[in-house]
1. Which parts of the stretch 97-130 would a label at ARG87 reach, counting a residue when its backbone N lies under 15 Å from a point 7 Å out along Cα-to-Cβ?
2. Can you compute log10 of I(q)/I(0) for the stretch 68-166 with the Debye formula, treating each Cα as one identical point scatterer, at q = 0.13 Å⁻¹?
3. Report, largest value first, the span of the C-alpha coordinates of the stretch 112-167 along each principal axis, in whole Å.
4. Quick one: length gained pulling SER54 to ALA69 fully straight, 0.36 nm per residue minus the C-alpha distance?
5. Going 7 Å from the Cα of ALA96 in the Cα-to-Cβ direction, what parts of the stretch 110-154 have a backbone nitrogen less than 15 Å from that spot?
6. Place a point 7 Å from Cα of THR139 in the direction of its Cβ. Which residues in the stretch 39-53 have their backbone N less than 19 Å from it?
7. Could you check the spin-label model distance between ALA152 and HIS80? Points 7 Å from the Cα along Cα→Cβ, value in nm.
8. Beyond 15 Å, how much of the Cα-Cα pair distribution for the stretch 93-132 remains, as a whole percent?
Amino acid sequence: MNSADTTPGPAARHTLALGDPLVLRPCRLADRLLARAFGASLDQQLAAGCSPESTRLLAARARHIVSLAHRTSLARSWNHVLRVASRGPSVRTPAAPLNVRAILAAEPAIRELRERLAAPLPVTAQGVAAATVLLTNATSPVYGRPSPDDLAVLLDAAITELDPTQPLMGSVSRGAGRSLD
């Protein structure tokens, strides 16, 4: 077998897999497609503290969501939520109603979250996933009726995980006790 048969091409993507021994595996197209298809579920797992290195799909999803392009888009989405909440009640739309009171009360935390997401520094997948789940899960305190969960507390947890001084490959149990659903 020659090396051309076993060596991935220059455009190949790789995923770090922890274990014994430490291995760098190619990230397959199927993994990336499935990670997008199951994005919401994978984001929930990452936000809850599951290690991105534990499965191929979590690794592929983590790799995608920590990209600066994805984080910048997420920051713009949070900015949009702030703008809509600041405008107050408007004509009925089919979108889930915003919890305007909670969003406006948490405005400083949302601004900090946006800054951390848009910063060109490496951050943990757990922090990005937590910010995503808050924004995309219809049961989060961002939407509808007031929730027993305090939006500011959940935002602060996401902001802490987005701190660039956080270890990028922390332990699996770090933050596993928090739930964002």
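1. 97-100
2. -0.41
3. 35, 17, 16
4. Going from the current span to full extension adds 3.0 nm.
5. Under 15 Å, as judged by backbone N against the label point of ALA96, lie 130-151 of the stretch 110-154.
6. Backbone N within reach: 39-50.
7. 2.7 nm
8. Within the stretch 93-132, distances greater than 15 Å cover 54 percent of Cα pairs.
All of the numbers you see were taken from the coordinates with simple rules; none came from a lab. Because the structure is predicted, anything quoted here is derived from the model rather than measured. Cβ coordinates were reconstructed from backbone atoms using ideal geometry, including for glycine residues, and neighbour counts include every protein chain displayed.
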